[in-house]
Amino acid sequence: MPSTMRAAVAADLGIIRCEEVRVPTIAENDVLVRTIAASICGSDLHMLDTGWAMHAFPAMAGHPGHEAVGEVVQSRSTRIAEGDVVLTTPHIWNSRCFAEYQAVDDAHVLKLSSDFDVDTITLAQQLGTVIYAAKRLPATLEGQSCVVIGQGSAGLFWDFQLKSLGAEKIFSVEPLSWRRELGLSYGVDHAIDVTGADAVTAVNDMTGGIGADLVVEAVGSTETLSEAFHFVRDEGSVVLFGLPESEDPVPFDYSQMFKSRANAFTVLGSQDEVGLKSYAEAVHLISRGKIDVAPIISHRVNITEIDRAFEVARERVDGAVKIGVTFD
């Protein structure tokens, strides 16, 4: 084992860079994972750029990355052995996967079999959170119309999941053309290329002025939080899936929510589901080819250029959707 490793260090708000740091030690019931591949989640951008759930800067090495796959090289677990390949699923405030080695408690790693593609299986982490959230929806969405705000990787996974639940019509709201096109291949029926009031008008026109039965906010911005309640029909449902934009109080259009009598909920805690069942379902879907996630990974950037990786994710240019992080 080396004594040092390359790891991303969030030095301050909006500033992240690769540094040489010490390899972590593990406690009882922990495993030390050599990270093989990782990917950047939209929540990582929120945390780095706004400080949401970031306890201090500089942050602990590897933080806030939480989507990764790797090989166990040391184990103090009775369940996970050295040599096992695992999906890491830590709580976001304890996550450290933007590093060559990460210490994870054994309750938050999912052992993988041999039939997976290391370049895409990292996406099982985020797909798993969507599967977990969707368990709070009715068992079938047959005959229902749905709006998904945002067509980043989370929004694309919601497209797939809603279609799997039998949604009759899925409308996406996304200003970036390449993301709209991707959505059409994951279940979207109508891709709306405008935002704000124009998008609300478009959905109303296509639903006969009623609005959508279900709206998923998959961006996490203050603006789209309020918009969600303008898309939904009376007594419809809103899933607030995107992470908060800030630790500060966030204003939203409570009047519209009140008038529409919308049922809204947030989702947190997939990491604590017994047996990590939703992540296991996601792994099964990806490894069995039930969902092709390869088109979602638009870029791969080495850990030594983690600052550039975040810049591409932040600026959303050059066809950016999901940014993979490599450790070769």
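The values are calculated or read from the model by the stated rules, or taken from the named source; none is laboratory data. Given the structure is predicted, the values throughout are model-derived calculations rather than measurements. Ideal geometry is used to build each Cβ from the backbone, glycine not excepted, and the neighbour counts take in all protein chains shown.
Quick look at the numbers
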quantity	calculated
Breaking point among (1) loosely packed, with under 15 Cβ neighbours inside 10 Å; (2) touching a helix residue (DSSP H, G or I) at 6+ places or on another chain (Cβ under 9 Å); (3) closer than 24 Å to Val147 by Cα, for Asp318	(3)
In segment 120-141, residue surrounded by the most Cβ atoms within 10 Å (Cβ to Cβ) [restricted to those that are out of contact with any strand residue (DSSP E or B) (no Cβ under 8 Å at 6 or more places or on another chain) and over 27 Å from Ile36 (Cβ atoms)]	Ala134
The one condition in (1) touching a helix residue (DSSP H, G or I) at 6+ places or on another chain (Cβ under 9 Å); (2) over 21 Å from Phe98 (Cα atoms); (3) surrounded by 18 or more Cβ atoms within 10 Å (Cβ to Cβ) that Phe310 fails to fulfil	(2)
Residue that is surrounded by the fewest Cβ atoms within 10 Å (Cβ to Cβ) [pool: residues in segment 163-195 that are in a strand (DSSP E or B), touching a Leu at 6+ places or on another chain (Cβ under 7 Å) and small (Gly, Ala, Ser)]	Ala191
Flag if Arg314 is over 27 Å from Lys111 (Cβ atoms) and among the basic types (Lys, Arg)	yes
Failed criterion for Val148 (all others in (1) farther than 19 Å from Ile40 by Cα; (2) part of a helix (DSSP H, G or I); (3) β-branched (Val, Ile, Thr) hold)	(2)
Any hit, segment 74-84, residues being in a strand (DSSP E or B) and buried (at least 22 other Cβ atoms within 10 Å of the Cβ)	no
Boolean, Gly209 is touching a strand residue (DSSP E or B) at 6+ places or on another chain (Cβ under 7 Å) and surrounded by fewer than 16 Cβ atoms within 10 Å (Cβ to Cβ)	no
Residues of segment 200-252 that turn out to be over 27 Å from Ile131 (Cβ atoms), touching a Ser or Thr at 6+ places or on another chain (Cβ under 9 Å) and among the small types (Gly, Ala, Ser), as a count	1
Contacts under 7 angstrom Cβ, first residue in segment 43-64 being at negative phi, partner basic (Lys, Arg), 6 or more apart	Leu45/Arg314; Met60/Arg96; Ala61/Arg96; His63/Arg96
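Each row is one residue, and each column tells you yes or no for (1) at pLDDT below 95; (2) surrounded by fewer than 20 Cβ atoms within 10 Å (Cβ to Cβ).
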| position | (1), (2) |
| --- | --- |
| Phe229 | no, no |
| Val239 | no, no |
| Pro251 | yes, yes |
| Ser255 | no, yes |
| Phe258 | no, yes |
| Arg261 | no, yes |
| Gly269 | yes, yes |
| Glu273 | no, yes |
